[in-house]
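Written below as structure tokens is the structure these notes are about.
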Amino acid sequence: MSPRRPSVNEEMRRRSRERLLRATIELVEERGYEATTLAEIAERAGTARGLVSYYFPGKRQLLQSATHRLMHRELAAALEREPSAADGRELLARAVDCLLGLPVRHPVLMRAHMAGILQAEGFVECPEQQRLAALLRDSIGAWGSADPEQDYRMLRALLMGAVFAQLIPGAPMPLARLRAELFQRYGLGWDQGVPPD
């Protein structure tokens, strides 16, 4: 039997990693972060337990990568949905609405993700996070930023704060109020993006 080509091996590694990220999201949303084990994630993904450690240094980093992957996919879908948006303000409005809606669509996952960022390991820069950052940077650039890198960092900080504010047990901030503040800051019209009900 001839050995597999490097491209075949690379594709197999990519698929294994994708299955682990997907299984992490599913299990954390079903059971919560603490009740989910790496062995269960590997089993759900149909991979060996050792592969989890091969790709990720720990459960916290795996969760952050999985969450960033989900955020990237949801943001990409929001930016590309019909009707297509040529206007930079509409693109930024869609980006803000998509990310502000994460605590509504994925409350358990986002609570675990935000708690993880506040742990000792902090914020993990991974390929998934970099793809998410590129979409946000492009959105702020299309909006008309003179310094997309710095404005992206500010937007990221504001969105993280707004997501966290929605998740505070016993004292959550309402989504509509947070959206109004962000839309006012960036000069976006309330009817742009996906206005809340």
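Counting only helices (runs of 4 or more DSSP H) wholly contained in segment 85-177, the ones carrying 1 or more residues that are within 26 Å of D191 (Cβ to Cβ) and open to solvent by 50 Å² or more (accessible area, probe 1.4 Å) occupy 88-100, 102-105, 127-143, 148-167. Which one is nearest to R105 (Cα to Cα) among residues in segment 17-41 that are aliphatic (A, V, I, L, M) and more than 21 Å from the chain's Cα centre (by Cα)? Per the stated criteria, the residue is A35.
Restricting attention to segment 53-67, the residues that are crowded, with 23+ Cβ neighbours inside 10 Å and out of contact with any Lys or Arg (no Cβ under 8 Å at 6 or more places or on another chain) add up to 5. Applying a threshold of 7 Å to beta carbon distances and a minimum spacing of six or more residues, or different chains, the list of pairs starting in segment 27-45 at a residue that is assigned to a helix (DSSP H, G or I) and ending at one that is open to solvent by less than 60 Å² (accessible area, probe 1.4 Å) and of a type in the set (S, T, N, Q) reads L27/T36; V28/T36; I41/T24.
Here is the figure for segment 89-122: residues that are out of contact with any Lys or Arg (no Cβ under 9 Å at 6 or more places or on another chain) and acidic (D, E) total 1. The selection criterion, being exposed (fewer than 12 other Cβ atoms within 10 Å of the Cβ), more than 18 Å from E128 (Cα to Cα), at pLDDT 90 or above and not polar (S, T, N, Q), holds for A39. Does S53 satisfy being within 30 Å of F183 (Cβ to Cβ) and polar (S, T, N, Q)? Against the criterion (within 30 Å of F183 (Cβ to Cβ) and polar (S, T, N, Q)), S53 does not qualify.
Candidates A77, A48: the one that is closer than 25 Å to A142 by Cα, among the small types (G, A, S) and open to solvent by 10 Å² or more (accessible area, probe 1.4 Å) is A77. Considered as a group, the residues in segment 102-131 that are touching a residue at least 40 places away in the same chain (Cβ under 8 Å) and of a type in the set (K, R) include one that is nearest to Y55 (Cα to Cα), and that residue is R131. When the residues of segment 142-171 are filtered to those that are free of Cβ contacts under 8 Å to residues at least 12 places away in the same chain and under 20 Å from the mean Cα position of the chain (by Cα), the one that is nearest to V104 (Cα to Cα) is I168.
The condition (being touching a Ser or Thr at 6+ places or on another chain (Cβ under 7 Å), of a type in the set (K, R) and in contact (Cβ under 8 Å) with a residue 24 or more places away in the chain) is satisfied by just one residue among R19, R69: R19.
The values are calculated or read from the model by the stated rules, or taken from the named source; none is laboratory data. Quick caveat, the model's predicted, so the values are computed rather than measured. Heads up, the Cβs are rebuilt from the backbone with ideal geometry, glycines too, and the neighbour counts pull from every protein chain shown. Ligands, DNA and RNA are stripped out before the accessible areas are found, and what is left, the full protein with its side chains, is counted by its heavy atoms. Shrake-Rupley method; radii C 1.70, N 1.55, O 1.52, S 1.80 Å.
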